[in-house]
Amino acid sequence: MATTTRNATSDPDRVSFLEELYQGRFRWDLVRDFPVQESADAAAGDKLTEELTALVRERIDPDEVDARAALPDGFLDELGRRGYFALQADPAVGGHALSHYNTFRMVSAAAAHCTPVALSLAIENALGAGAFLAVAPEGPLRDLLSDVVRRGARSASADSEPQGAANQRRFTTATRIEGTDDYLLNGSKVFVGHAPVAEVVSVSATVHEDGVDRVRMFFVDTDSPGVTSGDWHTYMGIKGFPNGWLEFEDVRVSGGHMLVERDLGHVVRTTPATARLVGRGRMHLIAAPSLAVARLCVGWMRDFAARRVIDERPLAEYDEVRRRLAESLADTFAIETMAQWCLLPEDQGRGLNLRFEQNAVKNASSLLAWETAERAMSLLAGEGYETAPSKRLRGAPPVPVERFLRDLRNLRISGGVDFQIDYWIAQRAILSYYYPEPDHAAALEGADEAPLDTTGTVLTGRNLGHLRWAAEQTRAFGRTCLGLARSHPDRAELDAEERTLIQLAGISREILGVTLVLARASKLSAAGDDSAQALADIFCTAARQRVADLLSRLQGPPGPDVEAVASAWMSGTAYAFLATDGAPRRSHGGSTEKGLS
C-alpha cells in the first residue's frame, strides 16, 4: 500500500504505521513480525556497554556530580578518547560503527548511573559532529567534522533561541559577504548542550536568498572571533551536564561549512536524511534515559515493598501496592518496546518510515517514565522525597528517587515540550486530509469491511480483544480526522483548535503503544516466552482507559469559556484577588494597582 507525500515527515517510498493510523488504516501486517536484535549486533553492544558501565561506575559519583553541578575534570576527554562521542562513526575516524539500537543501549546504560553523562553521550551521538558526518558531503565541512571526530573533540548543536524554541523562523542571521562565499553570523542561542565545552558548534540561521528567507545550518569554530560562550544554564535537574548560551557577533563563517546534503543538494533542516537524524536523536536524548529511570524505579519499588512491613503485614501483599508495581512494570516494558520499534527496523533495513513514531515516542517514553517515577516516589513516601545523601546520613538505603525525578522532568521539556510536540504531530499528520487524493471516505469505508488478519499472531484471549479494539479505534480515528477536516475547510481554522489536535495525538499515541506491545508479546510467545502477555494486558487496559478519557473530552459538549478567563487575566481587567503577594488589588481601566492601606 503506497504512502503519501503530504508533508516533510512523509516519505513516498517508505510506509509508516503511525501515518497510516492517522488515515484510518490499521496496518497490523507492518508490526506483527516485531523486530528482534540480531545476536551478533547484540553481542557488539554488550561488550561496549559493559565497558562504559564499568568506566562510569568507577569514575562518577552521581550524588557528587549533582551537588557540584559538574562532571569530574577530564572525564569528557576520556569519553572522547574512547570514541564514545562517535559511536556510529567509521572506525577509520575513531568511531565504533554501532547500530542505532546499540547506541541507544549505551546512552541508557549511562543514564542508569548518571543522567548528565548520558546526555553528553546522547548530544554528541545524536546531533554532534559524529552524527552530522554521516550526511556531510565530501569537501571542507566533511574534513572539519572528520577532524573533530578523529580527535575525540566535543561539539554542540545550537538551535533554540531566546525568542522561543517553538518559532519556525530563526532570528539568528547569516549574511553573505559580497564577492565571497563566506557569511557573517549574528544572533544568540540558548539551551545548547555542550556549549561551554565544545570546539565546534552547528548553528541554525536565516539566510535571505533570491528574495526568500531560508534556514541554513553552519558549523562554527567556537574560538572564532565574535563567538561568546556564556555561563552555564542552571536547571532543576541534570546538574553537571554542560549546557549554556552562545552569542555570535559578525562571526565569519566559510560557505564551505554550510551543510548541503550530497544527494539532494538541500539544506539540513529540509532534507530527509538529516530530518531522520533529528528524529532518531530524540530516541537517544529522551527515550534512552526515560527507559533507564523507569527500570531503576521498578527495581526500587520491588526492593522497598519486599523490606517494608506495615501493621505486621509485608507491603508487597497490599493490593494497591501490587497494582502499582504491575502497572510500572508494564509501562517500562512499553517504553522498551516502542524504542525497539523505532530503531531496530532501520538497523535491519526493513524500509519503513519511522519518523512519525520516533516523534510520538519522545512523548510516550518520557510520560510513561514520569508516571513510573511518580509511583516510586509515592510508594517510597518520605524515602522517595528525601535526597539520597540525607538517607545515607541516617542509615537508610540511599535510593536517589528525588534526583532522578528532577532529571526526568527535563525529558518532558527537552526536544520540545510535551504538549507542543503532540500539537505538531497531529497538525502534520492530519494535513493529508486536505488533499484530494486519496479518497479518504472511500478508503475508510473499505477499511470497515476488511477483516483483521491475525495469521501467525500468538495472543491470549484478552490480548486478542485489545488487538481488535486497536483496529476498531484506528478506523474510528480516521473517521474523526476526516470529519474534522470536512468541518474545517480552511485548515488554519483546525490548526487554531490546538486542544483538539493535542487530544488526537494522545489517542494515536495510545493506539500505537497498544499495537506495538501486542506485537512484541506475540513475537515472544511464538518463540516460547509467554511472560509478556500479562504485561501487555495491563498496559493495554490502562491505555484503553486513557483513550476513553480523551474521547470523552474530544467528543463531549463544548467546554467552559476558558478564552474569556484567559483574556481577562492577561489584560488585567479581572481576577485582581489573585495577586501573588496576597495584597488587595483593584482594577483601573485595564490595569491593576495594589490597594493602599
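The values are calculated or read from the model by the stated rules, or taken from the named source; none is laboratory data. It should be emphasised that the depicted structure is a prediction, and the values quoted were computed from it without experimental measurement. Every residue, glycine as well, gets a Cβ built from its backbone with ideal geometry; the counts of neighbours run over all protein chains shown. These accessible areas exclude ligands, DNA and RNA; they are computed on the full protein's heavy atoms, side chains included. Shrake-Rupley method; radii C 1.70, N 1.55, O 1.52, S 1.80 Å.
So which residues in the stretch 365-402 are more than 18 Å from Asp303 (Cα to Cα) and part of a helix (DSSP H, G or I)? Matches in the stretch 365-402: Ser365, Ser366, Leu367, Leu368, Ala369, Trp370, Glu371, Pro389, Ser390, Leu393. So, Asp263, is that one at pLDDT 90 or above, acidic (Asp, Glu) and not in a strand (DSSP E or B) or not? Answer is no for this residue.
What pairs come out if I take residues in the stretch 552-569 that are closer than 27 Å to Arg479 by Cα and pair them with residues that are open to solvent by 50 Å² or more (accessible area, probe 1.4 Å) and not in a helix (DSSP H, G or I) whose C-beta lies under 9 Å away, six or more apart or interchain? Filtered contacts from the stretch 552-569: Arg553/Gly559. Within the option set Ile507, Ile538, being of a type in the set (Val, Ile, Thr), open to solvent by 50 Å² or more (accessible area, probe 1.4 Å) and either modelled with pLDDT of 95 or more or in contact with an Asp or Glu (Cβ under 9 Å, 6 or more places away or on another chain) (or both) holds for one residue only, Ile538. Which pairs have Cβ atoms under 8 Å, sit 6 or more apart or on different chains, and link a residue in the stretch 507-533 that is without any contact (Cβ under 8 Å) to a residue 60 or more places away in the chain to one that is open to solvent by 30 Å² or more (accessible area, probe 1.4 Å) and in a helix (DSSP H, G or I)? Matching pairs, first to second residue: Ile507/Gln473; Ile507/Leu551; Ile507/Leu554; Glu510/Arg544; Glu510/Arg546; Val514/Arg544; Asp530/Leu524; Ser531/Leu524.
Of all residues in the stretch 479-493, those being over 25 Å from the mean Cα position of the chain (by Cα), farther than 15 Å from Ala548 by Cα and assigned to a helix (DSSP H, G or I) number 10.
Surrounded by 15 or more Cβ atoms within 10 Å (Cβ to Cβ), in contact with a Phe, Trp or Tyr (Cβ under 7 Å, 6 or more places away or on another chain) and either closer than 26 Å to Leu484 by Cα or modelled with pLDDT of 95 or more (or both): does that describe Leu431?
Values: surrounded by 15 or more Cβ atoms within 10 Å (Cβ to Cβ): yes; in contact with a Phe, Trp or Tyr (Cβ under 7 Å, 6 or more places away or on another chain): no; either closer than 26 Å to Leu484 by Cα or modelled with pLDDT of 95 or more (or both): yes.
It is false that Leu431 is surrounded by 15 or more Cβ atoms within 10 Å (Cβ to Cβ), in contact with a Phe, Trp or Tyr (Cβ under 7 Å, 6 or more places away or on another chain) and either closer than 26 Å to Leu484 by Cα or modelled with pLDDT of 95 or more (or both).
Looking across the stretch 80-101, the residues that are over 15 Å from Arg282 (Cα atoms) and in contact (Cβ under 8 Å) with a residue 60 or more places away in the chain come down to Gly80, Arg81, Arg82, Gly83, Phe85, Ala86, Ala89, Ser99. Taken together, the residues in the stretch 61-92 that are part of a loop (DSSP other than H, G, I, E, B) and under 22 Å from Asn102 (Cβ atoms) amount to 6. I'd like to check something: does the stretch 123-139 contain any residue that is at pLDDT below 95, among the aromatic types (Phe, Trp, Tyr), buried (at least 24 other Cβ atoms within 10 Å of the Cβ) and in a helix (DSSP H, G or I)? Yes, the conditions are met somewhere in the stretch 123-139.
Just one of the numbered conditions (1) over 17 Å from the mean Cα position of the chain (by Cα); (2) in a helix (DSSP H, G or I); (3) within 30 Å of Val293 (Cα to Cα); (4) among the small types (Gly, Ala, Ser) is not true of Ala426: (1).
Contact map, the stretch 144-156: residues that are at positive phi paired with residues that are open to solvent by 10 Å² or more (accessible area, probe 1.4 Å) and not β-branched (Val, Ile, Thr), Cβ distance under 6 Å, separation 6+ or inter-chain. Pairs shown: Gly152/Arg81. In the stretch 276-306, of all residues being farther than 21 Å from Val107 by Cα and touching a residue at least 24 places away in the same chain (Cβ under 8 Å), the one that is most open to solvent (accessible area, probe 1.4 Å) corresponds to Asp303. Each residue in the stretch 140-177 was checked for being closer than 16 Å to Phe218 by Cα, within 24 Å of the chain's Cα centre (by Cα) and exposed (fewer than 14 other Cβ atoms within 10 Å of the Cβ), and 1 of them qualify.
For the stretch 177-191, a residue qualifies if it is in contact (Cβ under 8 Å) with a residue 40 or more places away in the chain and either more than 21 Å from Leu141 (Cα to Cα) or not aromatic (Phe, Trp, Tyr) (or both), and the qualifying residues are Ile177, Thr180, Asp181, Asp182, Leu184, Leu185, Asn186, Gly187, Ser188, Lys189, Val190, Phe191. Within the stretch 20-36, residues that are more than 22 Å from Asp347 (Cβ to Cβ) have Cβ atoms under 8 Å from residues that are open to solvent by less than 10 Å² (accessible area, probe 1.4 Å) and of a type in the set (D, E, K, R) in these pairs: Phe26/Glu20, counting only partners at least 6 apart in sequence or on another chain. For the stretch 16-60, a tally of residues being open to solvent by 20 Å² or more (accessible area, probe 1.4 Å), of a type in the set (A, V, I, L, M, F, W, C) and outside any helix (DSSP H, G or I) returns 2. With respect to the conditions (1) open to solvent by 40 Å² or more (accessible area, probe 1.4 Å); (2) part of a helix (DSSP H, G or I); (3) out of contact with any Asp or Glu (no Cβ under 7 Å at 6 or more places or on another chain), Trp469 falls short on a single one, namely (1). The set of residues in the stretch 319-346 that are modelled with pLDDT of 95 or more, open to solvent by 30 Å² or more (accessible area, probe 1.4 Å) and under 19 Å from Val107 (Cβ atoms) contains only Glu336. For the stretch 216-254, a residue qualifies if it is open to solvent by less than 30 Å² (accessible area, probe 1.4 Å), at pLDDT below 95 and either more than 30 Å from Leu408 (Cα to Cα) or assigned to a loop (DSSP other than H, G, I, E, B) (or both), but none of them does. Being within 30 Å of Leu30 (Cα to Cα) and either open to solvent by 30 Å² or more (accessible area, probe 1.4 Å) or at pLDDT 95 or above (or both) holds for only one residue in Arg546, Arg586, and it is Arg546. In the stretch 400-411, is there at least one residue being at pLDDT 90 or above, within 18 Å of Thr332 (Cα to Cα) and open to solvent by 20 Å² or more (accessible area, probe 1.4 Å)? Yes, that holds for at least one residue. Inside the stretch 549-581, can you point out the residues that are of a type in the set (A, V, I, L, M), surrounded by 10 or more Cβ atoms within 10 Å (Cβ to Cβ) and within 29 Å of Leu484 (Cα to Cα)? Correct list: Leu550, Leu551, Leu554, Ala564, Val565, Ala566. One residue stands out among those in the stretch 204-215 that are in a strand (DSSP E or B) and among the charged types (D, E, K, R): the one that is nearest to Arg412 (Cα to Cα), which is Arg214.
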